[in-house]
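Report on the structure given below.
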Amino acid sequence: MKLKGHSPVDLIINNRKRIEKVFAVLFVLSLLFAPMVGVNYDLTEYLPDSSPSAQALDIMEQEFTYPGMGRVMLQDVTLYEAKAIKDRIADVDGVDMVMWCDTTTNIYGSSTFIDYDNIEDYYKDNCAYMDVIFVEKDSSDRTHAAVREIEQIVGDRGLLAGSAVSDTSLGPTINAEVARVMVLAVIIIFLILTLTTTSWFEPVLFLSVLGIAIVLNMGSNIIFGEISFLTNAVGAVLQLACSMDYSIFLLHAFTEEKANGVQPEQAMANALRTAFSSIGASGATTIVGFLALALMRFGIGPDMGFVLAKGIFLSLVTVLLLMPALILRFQNVVAKTQHRPFIPKHWRPFGTFAYKLRWPVIALVLVIIVPCYVAQGMADFTYGNEAVSDSEGTAVYEAEQQMNEKFGQSNMMLALVPLDSNITEKAMSEELGDLPYVKYALGLASVLPEGVPEEFLPSDLTGMLHGENWARVIVNVRSAGESDAAFAYADEIRAIIERYYPDEQTYLVGVTPSTQDIKDIIVPDNNRVNLVSLLGVALVVAITYKSLLLPLVVLIPIEAAVFINTAMPYIYGQRTMFLGFIIVSCIQLGATIDYSILLTGNYLDARAQADKKEAAIRAVATSAESILTSGMILMTVAYGLYFMTSIEAVSGLGQLIGRGALISMTLVLFLLPGCLMLFDRWIVRADYAQKKHEKMNRIHNTKIRLPVLSALHQQRMQLREHKRAYRRARAQVWRDRLKRLTHRAGPDDNTKEGKDDEPK
């Protein structure tokens, strides 16, 4: 088969069967690779190497391993029963140590000699509280196994909480919840597409193509080895929501060409050439918006940015290569499953309504935009791992609340100090322990018996607190992991440590110090990421329309929508995750700029034939269905995450994206027409209509070049066709024989039945 001189479009159409086979192989490989991709739930692992917490974690891994933390509360137990259970927990593989009152109090002594006031942090009202420190980190399989074994030990009488417990339940919980979101999203998207298309099979075709693209993206994540839980949770649903337009553009272009009497292959060639610019511009703006996240110093930004951008790229490739093959293969099925339109195609009254509201909407946006821009940075933000933990309504959250109510909050920090002097370490530990908000400060020097050299103790005991070069002191603080009070406590503890070791490097490790480092890093990331995403999208629009002013007009409603959306948490008094605040700005810009591009293109088309007023009405009337369809799909998926996930970070991001899609959709339909009219004299070129007409003529005059077959290949094709015809003829002969046999058996059976019915 000779393909020399064929255009890329010709190659796509002529090699569609080969393309189908390639995608089938890639699909199967991706299904195999997807389960091998690791998922990381610890935000601290995305800190840059230069941050103090990252350096401290490296030291911890080398000398002690960075431990996971858990909390246990036993209910309706005696002091001796609690001691027995504590010892069983301490013997669990993966548990490093269990902090309880038996460290300083002789539990087996007479109750007369036990000062219950001194141990009320650990035992009161027949309830016992323990801090569990694991050997490995929260996300370790060994830690997860230990948590599950502790759950069996404590049974119905115990409650478990803490970061390790939350991490153990987080993976299965979020995977199950996201699966439910995907199922619901597919059902609702199918219903939306059924309402906005004219064939029962078209939604199946759209969802199948994007399902393949999603699986390819999930499988190709193997190149990263591991992705964050946030990327894993929202990657598939955002890819589905943001990529649906591409397949809709292509199928509608193909349908229009066929309606004009063009043969299927030529119609597909014309459709590819017609829709490529809109599909390419839409995909490029979304990819640029996502790639801007890769500029964050905080590693979860590049993690999410690369995965989402790769997903959109794979969706583009799948739509441009595989979907033409599937459309041509199933065009008869699409034709046979046609149904009447469920939504009126006449949107002119809506366009007229939007035109009448242009000045009130512009005035309203001008009034609120500056306050919203200021308010977006004033919300109550969270920064660290606490947003990853289970939220209200989950078992872990309820257990945490019961423990806090009974014994107060527990926030474990670890001080890393040089292994210089036990005297210095002991003095520092005692001062830390005397702080009013500290439950205890435990270091080896502080519990070492007087006059007993450290060398006399077993290495497995001393190794918990003293490494080769570093000593660690466990400081338990009565606070949440992330709060203004916790930050103040950490700063004071850090100052005390530095005072005892003035000329040496020291570290404070834990949820609170890590959160402080995350905050210091991602707050400056915000401005940089927003600026780059804005400039990147503007550049794509400028190249697409060959205009410097038009990108500014196109971006007005989207940027206004971003400011309003990100100001909402402050207006409603909601606590929101700052990481989601950064991410949603890029996602909302990249995913909804398509609405502006579509309406602007329709305005310019209409402006070539009518005045400004008529062009604005036509632009809204022509664009409304596509914008509402795309916006409703994105809202459905995002709000599905919000309502159906119990993880604050995921549900909060879903709410921001869903609300952002709604605001963007509204402002594009009601604000952008007025902006286009205001800037009309500078953005409308006199030769626009002529150039577009010439472009469409070139497309329709370019005929598809079918492959030239050699004589030998023609003989093979003819022989193959003869074999198929022979098989069809034989099959028809057997069908005819079967019919004759059935026909002959019928009367005999009827006769027999008639004889049976005769009276005897």
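The values are calculated or read from the model by the stated rules, or taken from the named source; none is laboratory data. From a predicted model like this one, the values you see are computed outputs, not experimental measurements. Here the Cβ positions follow ideal geometry from the backbone for every residue, glycine too, while neighbour counts run over all protein chains shown. The accessibility values were calculated without ligands, DNA or RNA, using every heavy atom of the protein model including side chains. Shrake-Rupley method; radii C 1.70, N 1.55, O 1.52, S 1.80 Å.
Peptides 241-250, 287-296, 265-274: what's the order by average Cβ count within 10 Å, highest mean first?
Working: 241-250: 26.0, 287-296: 24.1, 265-274: 22.2.
Packing order, densest peptide first, comes out as 241-250, 287-296, 265-274.
First compute the accessible area of the chain with a 1.4 Å probe, then give the percent of it belonging to carbon and sulfur atoms.
The nonpolar share, carbon plus sulfur, comes to 59 percent.
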Helix 550-572: inclination vs the chain longest Cα principal axis, degrees, rounded to 10, gives 40 degrees
Non-local residues with an amide H under 5 Å from the amide H of ASP96, with H modelled 1.01 Å from N and Pro and chain starts lacking one, are ILE133, PHE134, VAL135
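Compare ASP491, ASP138, ASP503 by solvent-accessible area with a 1.4 Å probe and give them largest first, with all protein chains kept in place.
ASP503, ASP491, ASP138
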LYS17 and ALA179 label points (each 7 Å along its Cα→Cβ direction) are spaced in nm at 3.8 nm
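Taking only protein heavy atoms and a 1.4 Å probe, what accessible area per residue, in Å², does the chain have with all protein chains in place?
Values: 35180 Å² over 760 residues.
Averaged over the residues of the chain, the accessible area is 46 Å².
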Nearest 10, in degrees from 0 to 90: the angle of helix 484-500 to the longest Cα principal axis of the chain is 50 degrees
Between ILE423 and GLU120, the FRET efficiency computed from the C-beta separation at R0 = 30 Å comes out, to the nearest 0.05, as 0.45
Once both label points are put 7 Å beyond Cα along the C-beta direction, the GLU614-ALA542 separation in nm becomes 3.4 nm
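Order 189-195, 558-564 from most to least packed using the mean count of other Cβ atoms within 10 Å. Please report the intermediate quantities before stating the final value.
Numbers: 189-195: 16.9, 558-564: 24.7.
Order by mean packing, descending: 558-564, 189-195.
Figure the gain on full extension for ALA495 and LEU195 (residue separation times 0.36 nm, minus the Cα-Cα span) and round it to one decimal in nm. Working shown, then result.
On the way: separation 300, 0.36 × 300 = 108.00 nm, distance 6.40 nm.
Here the answer is 101.6 nm.
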Between ARG348 and VAL370, the two model label points (7 Å from Cα along the beta-carbon direction) sit apart by a distance in nm of 4.2 nm
Note: probe point = Cα of VAL28 + 7 Å toward Cβ; backbone nitrogen < 19 Å; residues of the stretch 196-216 passing the test are 212-216
Residue span GLN338 to ASP49: 0.36 nm per residue of separation minus Cα-Cα distance leaves a gain in nm of 98.2 nm
Measuring from the longest principal axis of the C-alpha atoms of the chain, the long axis of helix 300-317 (C-alpha) lies at a number of degrees, nearest 10, equal to 10 degrees
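What full-extension length gain, to one decimal in nm, is calculated for GLN715 and LEU741 as 0.36 nm per residue of separation minus the Cα-Cα distance?
Details: separation 26, 0.36 × 26 = 9.36 nm, distance 3.92 nm.
Taking 0.36 nm per residue and subtracting the Cα distance, the gain is 5.4 nm.
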Options [x] -0.31, -0.56, -0.71; [y] -0.26, -0.52, -0.68; [z] -0.37, -0.65, -0.78 for log10 I(q)/I(0) by the Debye sum over Cα atoms at q = 0.05, 0.07, 0.08 Å⁻¹; the value derived from the coordinates is listed as [z]
Measure of exposure for THR506: accessible area at 1.4 Å probe, Å² rounded to 10, is 20 Å²
